[in-house]
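A short write-up of the structure that comes next.
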Amino acid sequence: MTLFTITSLMLMIVLTCKPRQNATALNENHRGHQLAPSVDSGLTHCGEYSNQILANGKCRIIATLPQQDGNRCPDMFRCADEVSYWLHENEERKQDILELRELISELQEELRNHRHRLKVLEQQPEEENYNSTVEQRVHSLENWASESSTLQQMQTTCIYAIQAQIHNLSLLMDFANRNSSCLVPDELRSQKGQRRADVRHTSTRPIDCSKMYYNGIQRSRVYTIMPAIGGIPTDVLCEMDIEGGGWTVIQRRHDGSVNFNRSWKEYKEGFGNLNSEFWLGNENIYRITSQGDYSLLIDLEDWNNNRKQAFYRSFSIEDETNHYRLHVEGFSGTAEDSFAWYHNKKVFSTPDSDNICAEIAHGGWWYHQCFYSNLNGVYYMGGRYLKGPRILGPDGIVWYSWRNTDYYSLKKVSMMIRPRTFHPHQSP
């Protein structure tokens, strides 16, 4: 039975009732036969209700419920809202549980990788065992002595060059203080002669790692070079073993020990550890590549120890005024190109330079809506990573064509440059 009014809806519910043991006299009088309805026919207010006890042991409850959306009944009619709310909460908790299961799976995979690395380290022989014979040790010491002698000569050359430049500056200061016109011709002739002597004296100074190679230094390690642009001594890592050697390394990632989510100033000056992970610095890369025509080699390795390379015949960047704009072309190699075709001619951006791609990718790079390569991204153990609440988009060490996805982060990456005309085992 239902009763409709203009503003409300009357609902009838029939339930099975169990009368209490101390039932009232009114219940006793109605036992055994159907009771007359006790509901007033004028029941129209929202929330009003009444009940009847029928002869067959059932209850009949008649209640008026709201028909308009803006009305609410007393608490006894709010159970539907609460049930709906908790059903919604239950669905959200199920989703949270699924995400936790995925996270646990990722952590378990990461733990397995750590255990594997520990086993590999435990099985590696100690470094001293590689030089097991006296002959090998003597040969190694001879190489070290030869390299040390060459380095000493080069450092002496650099010191002489710096002293000559300081002397030139002193002469200019004296001339400015005296402001004597009669000394100008002799002064200028003296300075020109000294500058010519400096050029001859420092012509063999190492401007990059290829010069170190030609000077007989062919061991991969950290050396000091003096680029022609600026003439500032700069420590660099030289790679002398890969593809003929002579490479100046400008970036390296291999263990996640250095955070690459850095500011514009840090990417300009460089950061990290040359013996571990680092970015050489945009200003240093600009000064080196401005000396001539350079090529770029990118060495890539995934978590299954698969290794590929991307070679670019031409590579350089512009100065800070032009936001270190990238120039790269002439691709070849065993990896597919995910760099030049999309990022060439783009300016460098960092998370603090008002570039949304750099903010999402958490690194500094030549971004372009946003990237197909992101070698300065976040280091993720195990490679595969998922988009979560804290990740607005892909931000790993990505080379898209490796697995045709933005959500696989490589294990090892290094970027290195050398002159385009370099030839192994030949003098320049």
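The values are calculated or read from the model by the stated rules, or taken from the named source; none is laboratory data. This is a predicted model, so every value here is computed, not measured. Here the Cβ positions follow ideal geometry from the backbone for every residue, glycine too, while neighbour counts run over all protein chains shown. Side chains are part of the model used for accessible areas, which takes the heavy atoms of the whole protein and leaves out ligands, DNA and RNA. Shrake-Rupley method; radii C 1.70, N 1.55, O 1.52, S 1.80 Å.
Filter segment 341-369 down to the residues that are outside any helix (DSSP H, G or I), more than 22 Å from Glu269 (Cβ to Cβ) and touching a residue at least 24 places away in the same chain (Cβ under 8 Å) and list them by number.
His368
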Which of (1) hydroxyl-bearing (Ser, Thr, Tyr); (2) in contact (Cβ under 8 Å) with a residue 12 or more places away in the chain; (3) surrounded by fewer than 21 Cβ atoms within 10 Å (Cβ to Cβ) is the odd one out, the single condition Thr321 does not satisfy? (2)
Here are the criteria: (1) buried (at least 22 other Cβ atoms within 10 Å of the Cβ); (2) under 23 Å from Leu237 (Cβ atoms); (3) touching a strand residue (DSSP E or B) at 6+ places or on another chain (Cβ under 8 Å). Tell me which single one Ser349 does not satisfy. (2)
Qualifying positions in segment 220-274 - open to solvent by less than 10 Å² (accessible area, probe 1.4 Å) and basic (Lys, Arg): Arg253
Selected residue (only one of Ser338, Ser373 is closer than 30 Å to Glu110 by Cβ, open to solvent by less than 10 Å² (accessible area, probe 1.4 Å), of a type in the set (Ser, Thr, Tyr) and over 12 Å from the mean Cα position of the chain (by Cα)): Ser338
Of the conditions (1) of a type outside the set (Phe, Trp, Tyr); (2) under 21 Å from Asn304 (Cα atoms); (3) open to solvent by 90 Å² or more (accessible area, probe 1.4 Å); (4) modelled with pLDDT under 75, Glu127 fails just one. Which one is it? (2)
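Quick check: anything in segment 292-304 polar (S, T, N, Q), buried (at least 17 other Cβ atoms within 10 Å of the Cβ) and touching a strand residue (DSSP E or B) at 6+ places or on another chain (Cβ under 6 Å)?
Within segment 292-304 (the criterion being polar (S, T, N, Q), buried (at least 17 other Cβ atoms within 10 Å of the Cβ) and touching a strand residue (DSSP E or B) at 6+ places or on another chain (Cβ under 6 Å)), the answer is yes, since at least one residue qualifies.
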Assess whether Ile217 counts as being in a loop (DSSP other than H, G, I, E, B), surrounded by 14 or more Cβ atoms within 10 Å (Cβ to Cβ) and touching a Cys at 6+ places or on another chain (Cβ under 8 Å). yes
Single residue of segment 395-428 satisfying the filter (polar (S, T, N, Q) and in a loop (DSSP other than H, G, I, E, B)) that is least open to solvent (accessible area, probe 1.4 Å): Ser409
Looking at (1) out of contact with any Pro (no Cβ under 9 Å at 6 or more places or on another chain); (2) farther than 15 Å from Asn376 by Cβ; (3) not polar (S, T, N, Q), which is the only condition Gly292 fails? (1)
